[in-house]
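Shown next, in structure tokens, is the structure this report addresses.
The values are calculated or read from the model by the stated rules, or taken from the named source; none is laboratory data. Just so it is clear, the structure is predicted and the values come from calculations on it, not from any experiment. Cβ sites come from the backbone with ideal geometry, for glycine too, and all protein chains shown count toward neighbours.
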Ligand code: G3H
Ligand code: 13P
Ligand code: ZN
């Protein structure tokens, strides 16, 4: 069943679980995620970035997700990190049920203005809107930790932003970043800041950059040749804390990428005589299923569909 994010995330925040928002670029990831969602009875947000749209084509992605939505569990078709207003408009017109407008790199007033514009288009079609405030970026993007922290979401500004824009959910920066190399030393997620935000912002909060870079998956990838020694992700205990304090949507892409490529590396190594791509992709698919199911357990979305 294809649904929007609005009610789904309000319920999740109230009941202190989070809906997994998993990125896809192709059928392999979509099939693995849908297997996991059906098996775990978890609602699921299938999200495609602008990069995914450039890679696969919006129409192919929409067609695939529409088929996935014929399964029993609730499915959201979400645009992840929409920055190009033309792509956002197209997504809304073509059947996405939820879009993110990411104006986080713009000056505050411009972010507000564009978010409001997207909300006007979205409301006309009953589409939900996620907005973003603060920089979800790695420490390498800043010279010092102090400088990075200055770009984290300010609770007071978050309240003003949510009230002015009337967005349905808000992505905040509390120390996570995208990709596999999130932390140089100790992991540090600012849960106190999240608590302050959650005290005043009552709409569902979204956590980006939430991959854990799971030890066993990383070890398998490295065993079969990946050079990712410095990769480090968010701790499961921090994700659990974040969900306790208002996070209702958790975005994961890197962990699925790592799982898929680890499985494919293993197959290519172990099956040198095989040229059937289906056989070489299958172990990657099985590992993605497993990672998706582990997230559904961690986020407590399992059994909520
Ligand atoms: O937030 C970014 C997602 O991981 C998507 O990445 O732009 O490479 O598709 P991408
Ligand atoms: P990761 O890179 O940690 O998986 O984050 C994905 C994400 O935030 C997509 O919007
Ligand atoms: Zn993101």
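Evaluated against (1) out of contact with any helix residue (DSSP H, G or I) (no Cβ under 9 Å at 6 or more places or on another chain); (2) at positive phi, residue 278 falls short on exactly one condition, (2). Residue 180 - would you say it is over 18 Å from residue 106 (Cα atoms) and touching a residue at least 24 places away in the same chain (Cβ under 8 Å)? It is true that residue 180 is over 18 Å from residue 106 (Cα atoms) and touching a residue at least 24 places away in the same chain (Cβ under 8 Å). Figure legend. Inter-residue proximity from region 123-141: first residues under 18 Å from residue 83 (Cβ atoms), second residues part of a strand (DSSP E or B) and at pLDDT below 95, beta-carbon distance below 9 Å, spacing 6+ or different chains. No pairs are indicated. For region 77-102, the tally of residues that are touching a helix residue (DSSP H, G or I) at 6+ places or on another chain (Cβ under 7 Å), crowded, with 24+ Cβ neighbours inside 10 Å and not in a helix (DSSP H, G or I) stands at 5. Filtered by the rule that a residue be farther than 22 Å from residue 128 by Cβ, in contact with a strand residue (DSSP E or B) (Cβ under 7 Å, 6 or more places away or on another chain) and away from ligand 1 (no atom under 16 Å from the Cβ), region 165-186 gives a lone residue, 183. Here residue 71 meets each of (1) outside any loop (DSSP other than H, G, I, E, B); (2) surrounded by fewer than 23 Cβ atoms within 10 Å (Cβ to Cβ); (3) away from ligand 2 (no atom under 16 Å from the Cβ) with one exception, condition (1).
Being assigned to a loop (DSSP other than H, G, I, E, B) and surrounded by fewer than 17 Cβ atoms within 10 Å (Cβ to Cβ) is the requirement here; does residue 195 meet it?
Judged against the criteria, residue 195 is not a match.
You will find that of 131, 137, the residue that is surrounded by fewer than 24 Cβ atoms within 10 Å (Cβ to Cβ), within 16 Å of ligand 2 (Cβ to nearest atom) and within 20 Å of the chain's Cα centre (by Cα) is 137 and no other.
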